[in-house]
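The values are calculated or read from the model by the stated rules, or taken from the named source; none is laboratory data. Please read these numbers as outputs of a predicted model, since none were measured by experiment. Cβ sites come from the backbone with ideal geometry, for glycine too, and all protein chains shown count toward neighbours.
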Amino acid sequence: MSQPAEVVSSKISQLFHYINGERVAGNSGRFGDIFNPSLGVRAAEVPLASKAEVEDTIAAAQEAFPAWAATSVLARSRIMTKFVHLLYEHQHELAELVCKEHGKVIEDAMGSVLRGIEVVEFACGAPHQQKGEFSDNVARGIDIYSMRKPLGVVAGITPFNFPAMIPLWMSGMALVTGNTVVLKPSEKDPSCPLRMAELFVEAGGPPGVFNVINGDKEAVDALLNDERIKAVSFVGSTPIAQYVYATASANGKRCQAMGGAKNHMLILPDAELEDVANALMGAAYGSAGERCMSISVGVCVGDEVADRLIDILKPRVESLRIGSSLDTGLEMGPLVTKEHREKVMNYIQMAKDEGSLLVVDGRDFVCDGHENGYFLGGSLIDQVKPEMQSYQEEIFGPVLQIIRVGSFDEGMALATDHPFGNGTSIFTKNGAAARTFADKVEVGMVGINVPIPVPLAFHSFGGWKSSSFGDHNQYGMEGLRFYTKVKTVTARWQDKGLEAEFSMPVLK
Ligand code: NAD
């Protein structure tokens, strides 16, 4: 069992930046608090970088860039392979850091570390992936070939909810393609990305190639406004994603900015409701609903489906196994901070005030032995209507809202018309309905009898509408394209001399 709050409350760790292969204390004089959400205590302090500190970090990455870009892709890939081995060796340590600062339960944290490592494994294939194209003899003696070149110094700005996986999504593809990285992780849980950057250097990554600078808006703005940063990859809430995308683009940078979500599961009358309930329990309440691919809305076609499903879900939501992150065999841990828990509680109240029905209200849940932790029970809300604010907005907590619709078309329209378009899923035995749904629904990632359709590392991740701004998805070949620019060479090698040609070639 974890230690009770009184035992650990006196130990406050001092975190750092990781710049040029070294831990750096930071000199801005500003610090952010990091909490252990299971215990509800301040556990660490993180330095929040000033603009000048961010600029120094960019300078270190800029200096490291030419040599790293000139390193052969095979050599970079070998370092990434060693990095993968070290990540596996340290996966439990990394997962524990996630548990202590984020609050995921240990099994889930291990899974999130694995999903990140898989992207680095994919990145090890860069010698093949980064190959250019070649067309020989396109005219007499002329060949055309293209190369994929790194961009330079690139920035990653990441959210609190996946402190291992999302930094690895970005850095895996950025590093192997020859860029140097300045990562600005969430100030709520930066220990895991700091440790991963150290492991990269242990794997043989040159100092300055992978840097982590901690901070808040001041650090983000410094990255967005520095002309040495050539690309920005952001994942976080929609208002900040919009701001980052607009500012980075206005400053001439390549930018991909992933935002919030409200993911619908459409449940047709022919679906096996026990399977649906199993899928929904994990997809709505796993990681306390703090996943951008969580299912937050169950759309039931017909009252009978809704009534039967709620009968199955209610006792299961009431008896979710909730506890301290490092204890095993649990289904859900605490929320990340007290403020975030309050925000989720306010949404539950809003849903009630708007006229929906609180079938299970998780607000009164108390975790025995961890009374100060930021826990909430699961909430299940029925009779939700599309015009309600609690439906329109992202709640990002262990709350499942149920909407009843009269038909498949009406259900699909809900997911299509919602401002967010990250993920969605359909549960049915009807292949034609599933196919139509996958084809027509205006959402970026679709599951068919799969509740959380996060694509594996060799595909790519990205939503539509207010869930994503910019042209490229994360990781897979999309990641490779985001982190490289194409140069195309047209070369003539022939024995005879050149003649002057004033017109473009015509058909003869
Ligand atoms: P957030 O937007 O508050 O923070 C994300 C990053 O932006 C952090 O590094 C933070 O320091 C920085 N930031 C915060 N406020 C800023 C400001 N005013 N100016 C500049 N930078 C700022 O998001 P969060 O609460 O850490 O993460 C949860 C959100 O992320 C949810 O909305 C979730 O849906 C979303 N998310 C989306 C995806 C996706 O791929 N679409 C994946 C994971 C999480």
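Quick look at the numbers
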| read-out | value |
| --- | --- |
| Ser237 being closer than 28 Å to Leu168 by Cβ, touching a residue at least 24 places away in the same chain (Cβ under 8 Å), crowded, with 24+ Cβ neighbours inside 10 Å and of a type in the set (Ser, Thr, Tyr) | no |
| Single residue of Pro398, Pro455, Pro505 found to be within 26 Å of the chain's Cα centre (by Cα) and surrounded by fewer than 19 Cβ atoms within 10 Å (Cβ to Cβ) | Pro455 |
| Options Tyr374, Tyr391; residue that is part of a loop (DSSP other than H, G, I, E, B), crowded, with 21+ Cβ neighbours inside 10 Å and within 28 Å of the chain's Cα centre (by Cα) | Tyr374 |
| From the options Leu358, Leu380, Leu414, residue that is closer than 19 Å to Ser287 by Cβ, aliphatic (A, V, I, L, M), in contact with a strand residue (DSSP E or B) (Cβ under 8 Å, 6 or more places away or on another chain) and outside any loop (DSSP other than H, G, I, E, B) | Leu380 |
| Matching option when the condition is over 21 Å from Gly260 (Cα atoms), of a type in the set (Val, Ile, Thr), in contact with a helix residue (DSSP H, G or I) (Cβ under 7 Å, 6 or more places away or on another chain) and more than 16 Å from the ligand (Cβ to nearest atom), among Val299, Val384, Val360 | Val360 |
| Pairs, first part of a strand (DSSP E or B) in region 42-71, second among the aromatic types (Phe, Trp, Tyr), C-beta under 7 Å, six or more apart | Arg42/Phe35; Ala43/Phe35; Glu45/Phe31; Val46/Phe31; Pro47/Phe16; Pro47/Phe31 |
| The lone exception for Lys262 - which of (1) in contact with a Phe, Trp or Tyr (Cβ under 9 Å, 6 or more places away or on another chain); (2) surrounded by fewer than 24 Cβ atoms within 10 Å (Cβ to Cβ); (3) of a type in the set (D, E, K, R) it fails | (2) |
| Index of the failed condition, Gly215 passing every other in (1) within 10 Å of the ligand (Cβ to nearest atom); (2) surrounded by fewer than 24 Cβ atoms within 10 Å (Cβ to Cβ); (3) in contact (Cβ under 8 Å) with a residue 12 or more places away in the chain | (2) |
| Output for region 234-250, where each listed residue is within 16 Å of Ser186 (Cα to Cα) and either more than 6 Å from the ligand (Cβ to nearest atom) or among the hydroxyl-bearing types (Ser, Thr, Tyr) (or both) | Phe234, Ser237, Thr238, Pro239, Ala241, Val244 |
| Looking only at region 122-154, and only at residues there that are assigned to a loop (DSSP other than H, G, I, E, B) and hydrophobic (A, V, I, L, M, F, W, C), the one that is farthest from the ligand (Cβ to nearest atom) | Cys124 |
| Any chance Ser324 is of a type in the set (S, T, N, Q), in contact (Cβ under 8 Å) with a residue 12 or more places away in the chain, out of contact with any strand residue (DSSP E or B) (no Cβ under 7 Å at 6 or more places or on another chain) and away from the ligand (no atom under 15 Å from the Cβ) | yes |
| Region 347-359 residues that are on the phi < 0 side of the Ramachandran plot and assigned by TED's automatic domain parsing to the domain that holds Gly377, paired with ones that are at pLDDT below 95 and surrounded by fewer than 16 Cβ atoms within 10 Å (Cβ to Cβ) (beta carbon under 9 Å, 6 or more apart) | none |
| Output for region 450-508, where each listed residue is assigned to a loop (DSSP other than H, G, I, E, B) and small (Gly, Ala, Ser) | Ala457, Ser460, Gly462, Gly463, Ser466, Ser467, Gly470, Gly497, Ala500, Ser503 |
| Failed item in (1) near the ligand (Cβ under 10 Å from one of its atoms); (2) in contact with a helix residue (DSSP H, G or I) (Cβ under 9 Å, 6 or more places away or on another chain); (3) of a type in the set (Gly, Ala, Ser), with Gly286 passing the rest | (1) |
| Residue in region 219-233 that is closer than 21 Å to Asn422 by Cβ and near the ligand (Cβ under 7 Å from one of its atoms) present | no |
| Residues satisfying the stated conditions in region 288-340, i.e. outside any loop (DSSP other than H, G, I, E, B) and over 22 Å from Glu272 (Cα atoms) | Ala288, Gly289, Ile322, Met332, Lys338, Glu339, His340 |
| Where a residue in region 240-257 is within 12 Å of Asp226 (Cα to Cα) and its partner, wherever it lies, is part of a strand (DSSP E or B) and within 12 Å of the ligand (Cβ to nearest atom), with Cβ under 7 Å and at least six apart | Ala248/Val232; Lys253/Val232 |
| Condition met for Gly204 (farther than 30 Å from Asn36 by Cβ, surrounded by fewer than 22 Cβ atoms within 10 Å (Cβ to Cβ) and of a type in the set (Gly, Ala, Ser)) | yes |
| In region 155-181, the residues that are part of a strand (DSSP E or B), within 20 Å of Leu87 (Cβ to Cβ) and either more than 10 Å from the ligand (Cβ to nearest atom) or not assigned by TED's automatic domain parsing to the domain that holds Ala60 (or both) | Thr180, Val181 |
| Region 458-502 - residue that is loosely packed, with under 14 Cβ neighbours inside 10 Å, touching a residue at least 60 places away in the same chain (Cβ under 8 Å) and of a type in the set (A, V, I, L, M) and, of those, nearest to Met147 (Cα to Cα) | Val486 |
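Residues checked against (1) surrounded by fewer than 23 Cβ atoms within 10 Å (Cβ to Cβ); (2) in the same structural domain as Val153 (by TED's automatic domain parsing); (3) of a type in the set (Lys, Arg):
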{"position": "Ile19", "(1), (2), (3)": "no, yes, no"}
{"position": "Ala25", "(1), (2), (3)": "yes, yes, no"}
{"position": "Gly32", "(1), (2), (3)": "yes, yes, no"}
{"position": "Val46", "(1), (2), (3)": "no, yes, no"}
{"position": "Ala52", "(1), (2), (3)": "yes, yes, no"}
{"position": "Thr57", "(1), (2), (3)": "no, yes, no"}
{"position": "Arg76", "(1), (2), (3)": "no, yes, yes"}
{"position": "Val84", "(1), (2), (3)": "yes, yes, no"}
